[in-house]
Amino acid sequence: MANIRCRGVLFDLDGVLVDSTPAVTRVWAWWAREHGFDRDEVVKRAHGRPSITTIRELLPDSDHAAENREVERREIADVEGVVPLPGAMELLQALPLERWAIVTSCTRPLAGVRIGAAGLPMPRYLVTSTDVKHGKPDPEPYLKGAQLLGVPAGECIVIEDAPAGIRAGKAAGARVLALRTTASDAELRQAGADWIIDDCAELFLNSLAAGELFLLIGPRTK
């Protein structure tokens, strides 16, 4: 068990609050087939980063904006199996609305669709790839999330599942709690995770005092 003291919590979306893996896999598997790439490699590369970043890397001479629009259209249309991950709903409902934000590599329309499909509360503060110039692993998304909360990034906890997101959080100066929903412990540690747990069902709001949050990492509840 561990106690974590912070003033704000910055959540990634996919793989942290929402299980969208089946939908993400279906869309990127389709894209990989269309362009003759290895399906598994593309799916892994795309996770946790803006989709246009993957497109630019793999198709440097393509119409990136057009490719990205089609990927986004398919992702917005495919919400089958998009559900909240264990503990996500309970943790969000326990935290004061002004003390947390979602910081995702989704576009703003896609993030809204996935939050709604999973039935999660809409955040007061939302940072998406639409809102930044440089996506994860650049620190810009998490720095912007901390700014919206009015809290220095160093006093925030980032909750992530992808190595790119962990690196973004650490580069922003935050401490990072990693979830085992996507990557191996070795990959999470290599990216710089400060703590590793299975999912949000092992994280609880212990107390709240003078604008400070005290989070407890503890045994999973049934």
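What residue, of 62, 20, is of a type in the set (Ser, Thr, Tyr), modelled with pLDDT under 95 and surrounded by 18 or more Cβ atoms within 10 Å (Cβ to Cβ)? Result: 20 is the single residue among 62, 20 that is of a type in the set (Ser, Thr, Tyr), modelled with pLDDT under 95 and surrounded by 18 or more Cβ atoms within 10 Å (Cβ to Cβ). Every listed requirement among (1) over 29 Å from residue 220 (Cβ atoms); (2) at pLDDT below 95; (3) of a type in the set (Ser, Thr, Tyr) is met by residue 128 save one, (2). Applying the condition of being within 26 Å of residue 12 (Cα to Cα) and basic (Lys, Arg) to region 29-49 and asking which residue is modelled with the highest pLDDT yields 39.
Starting from residues that are in a loop (DSSP other than H, G, I, E, B) and touching a Ser or Thr at 6+ places or on another chain (Cβ under 6 Å), keep the ones in region 49-90 and report whichever is nearest to residue 128 (Cα to Cα). Among those residues, the one meeting the criterion is 50. Aliphatic (A, V, I, L, M), open to solvent by 40 Å² or more (accessible area, probe 1.4 Å), in contact with a Phe, Trp or Tyr (Cβ under 8 Å, 6 or more places away or on another chain) and touching a residue at least 12 places away in the same chain (Cβ under 8 Å), is that true of residue 2? No: the conditions fail for residue 2. Set side by side, the residues 207, 184 differ, and just one is at pLDDT 95 or above and of a type in the set (S, T, N, Q), which is 184.
Scanning region 110-131 for residues that are surrounded by 18 or more Cβ atoms within 10 Å (Cβ to Cβ) and in contact with a strand residue (DSSP E or B) (Cβ under 9 Å, 6 or more places away or on another chain) returns 111, 114, 115, 117, 118, 120, 123, 125, 126, 127, 128. Every test in (1) crowded, with 21+ Cβ neighbours inside 10 Å; (2) under 21 Å from residue 159 (Cβ atoms); (3) of a type in the set (Val, Ile, Thr) is passed by residue 83 save one, and that test is (1).
Residues in region 1-48 that are small (Gly, Ala, Ser), part of a loop (DSSP other than H, G, I, E, B) and either touching a Cys at 6+ places or on another chain (Cβ under 7 Å) or on the phi < 0 side of the Ramachandran plot (or both): 20 only.
On inspection, residue 94 qualifies as open to solvent by 40 Å² or more (accessible area, probe 1.4 Å) and within 22 Å of residue 212 (Cα to Cα).
The values are calculated or read from the model by the stated rules, or taken from the named source; none is laboratory data. Just so we're clear, the structure is a prediction, and the values are computed from it rather than from any experiment. In this analysis, Cβ positions are derived from the backbone assuming ideal geometry, glycine residues included, and neighbour counts consider all displayed protein chains. Heads up: the accessible areas ignore ligands, DNA and RNA and are worked out on the full protein's heavy atoms, side chains in. Shrake-Rupley method; radii C 1.70, N 1.55, O 1.52, S 1.80 Å.
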